[in-house]
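The values are calculated or read from the model by the stated rules, or taken from the named source; none is laboratory data. Note that the coordinates shown come from a computational prediction; the quantities given were computed from them, not determined experimentally. Cβ atoms come from the backbone with ideal geometry, glycine included; neighbour counts cover every protein chain shown. Each accessible area value is taken on the protein alone, full model and side chains, heavy atoms only, with ligands, DNA and RNA left out. Shrake-Rupley method; radii C 1.70, N 1.55, O 1.52, S 1.80 Å.
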Amino acid sequence: MPRWVKALLVSLLAVLVLGTGVVLLPARERPDPEPPFSETARATAYAETRALLDGASAAGSSPATVTLLESQARALLAPAPASAAPSGAVSSAPSAPAGKAAFLGGLARSAAQRLADAGKSDGGTARLLAAVGTAQLLESGRLARAWGLPLPAQPALPESPAPSSSVLSSPAPSSSSPSSSSPEASCPAGGSTAAPSTATDDAGAPGPGEALAAVVRAEQEAVYIYQVARTRLEGTAAATAARDLAGHQDLLREAEALARQLCTEPPPREAGYRLPAGFASQAAAALGEQESAALPAYGELVALSDCGTRNWAIAGLLDSARRMESWGTLSGALPGLSVDPAALPELPGSTAAPAP
């Protein structure tokens, strides 16, 4: 090709570039989008729980602790099949802690992180993380007492804004009579921690209002049953029942106030409630069963609420599980969740063998 032709083509190309301002460059590869926080929090929880499981036997944990951690790891893995497990997260997890004190510290730190992440995750993941964190925290306390070691530092739960003082100060009816005579509270203007909501969402699925109603009903029953139990217990048990009764009365007022802040009227209180089976002969055990019955309601509220209401529900789930165990009833590996262990996926790789 003659030189003048090449020069002409270069000149034409220069004119096009200057005229359009477009430079043809190879497309840059876009970075992969970051995974949602809930997925990251769940994968991290699985990795750290697997690390604790691997170190449980070496630390001298009981078979019950090993089983608890294994059930939690399997629940955190579901519903993904074993082949889709976050195996990379396992390899980057902290090594299994050695020794009783180190194991207790790792268990308590994991519990604190799970509870913190529950406040920021999506619904179902939030409930799962809250259940795992609650069980791990209670297990760290049981092991500390069994091993004669100091109780691990307790996590600072996210603060939840108190219900509106104007709503809380509304006269509350006696727990032994219906509340139809109580004045109906209006929804506060701009004072709610969550957007006004009905009991169910637009698609008919349960919403935070319905979940709060279930918590209110559970607390109503608890107040009534504790009132009866307090008259049948003696000594330390009677004092504990009186303390727990006061706590449930506070929780009931708060739950009713939160329901009104969501612009839903809480269920009215009834004159009485059915006492648990065996209450007459084993009142303490019946109180443990009553606390157990409240766990699913708090777990559902964790899943369906957000912000301050969710933080309040996480604290309620933890406190209910604590009271449950104080009455001699274990809360299990996933308090607040109804899980069939046979339906959980098997863990990839080897699992820790139960300690002798």
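At least 2 residues that are β-branched (Val, Ile, Thr) and at negative phi in each: list the helices (runs of 4 or more DSSP H) lying fully within region 227-340 that qualify.
The helices (runs of 4 or more DSSP H) meeting that bar are 235-261, 307-326.
Keeping to region 307-331, report how many residues are surrounded by fewer than 21 Cβ atoms within 10 Å (Cβ to Cβ) and either touching a residue at least 60 places away in the same chain (Cβ under 8 Å) or within 18 Å of the chain's Cα centre (by Cα) (or both).
8
Sort through ALA241, ALA199, ALA246 and tell me the only one that's open to solvent by 30 Å² or more (accessible area, probe 1.4 Å) and modelled with pLDDT of 95 or more.
ALA246
Please name all residue pairs, on different chains or six or more residues apart, with Cβ atoms under 9 Å, provided the first residue is in region 242-264 and is under 16 Å from ALA315 (Cα atoms) and the second residue is of a type in the set (Val, Ile, Thr) and open to solvent by 30 Å² or more (accessible area, probe 1.4 Å).
The qualifying pairs are LEU258/THR193.
Which helices (runs of 4 or more DSSP H) sit wholly inside region 1-81 and have at least 2 residues that are modelled with pLDDT of 70 or more, farther than 30 Å from TRP147 by Cα and not small (Gly, Ala, Ser)?
The qualifying helices (runs of 4 or more DSSP H) are 37-56.
Against the condition modelled with pLDDT under 55, buried (at least 21 other Cβ atoms within 10 Å of the Cβ) and under 21 Å from LEU301 (Cβ atoms), how does VAL167 come out, does it pass? Steps first, answer last, please.
On the way: modelled with pLDDT under 55: yes; buried (at least 21 other Cβ atoms within 10 Å of the Cβ): yes; under 21 Å from LEU301 (Cβ atoms): yes.
Spelling it out, VAL167 is indeed modelled with pLDDT under 55, buried (at least 21 other Cβ atoms within 10 Å of the Cβ) and under 21 Å from LEU301 (Cβ atoms).
Can you tell me which residue among GLU210, GLU219 is open to solvent by 60 Å² or more (accessible area, probe 1.4 Å) and either modelled with pLDDT of 90 or more or in contact with a Phe, Trp or Tyr (Cβ under 7 Å, 6 or more places away or on another chain) (or both)?
Going through GLU210, GLU219 in turn, the sole match is GLU210.
Of everything in region 52-65 that's hydrophobic (A, V, I, L, M, F, W, C) and surrounded by 20 or more Cβ atoms within 10 Å (Cβ to Cβ), which residue is farthest from the chain's Cα centre (by Cα)? Break it down stepwise before answering.
First pass over region 52-65, keeping only residues hydrophobic (A, V, I, L, M, F, W, C): 52-53, 56, 58-59, 64.
Retained after the next criterion (residues that are surrounded by 20 or more Cβ atoms within 10 Å (Cβ to Cβ)): 52-53, 56, 59.
Working: LEU52: 19, LEU53: 21, ALA56: 23, ALA59: 27 Å.
Among those that are hydrophobic (A, V, I, L, M, F, W, C) and surrounded by 20 or more Cβ atoms within 10 Å (Cβ to Cβ), it is ALA59.
Go through region 265-302 and give me each residue that's farther than 26 Å from VAL228 by Cβ and open to solvent by 20 Å² or more (accessible area, probe 1.4 Å).
Result: GLU265, GLU300.
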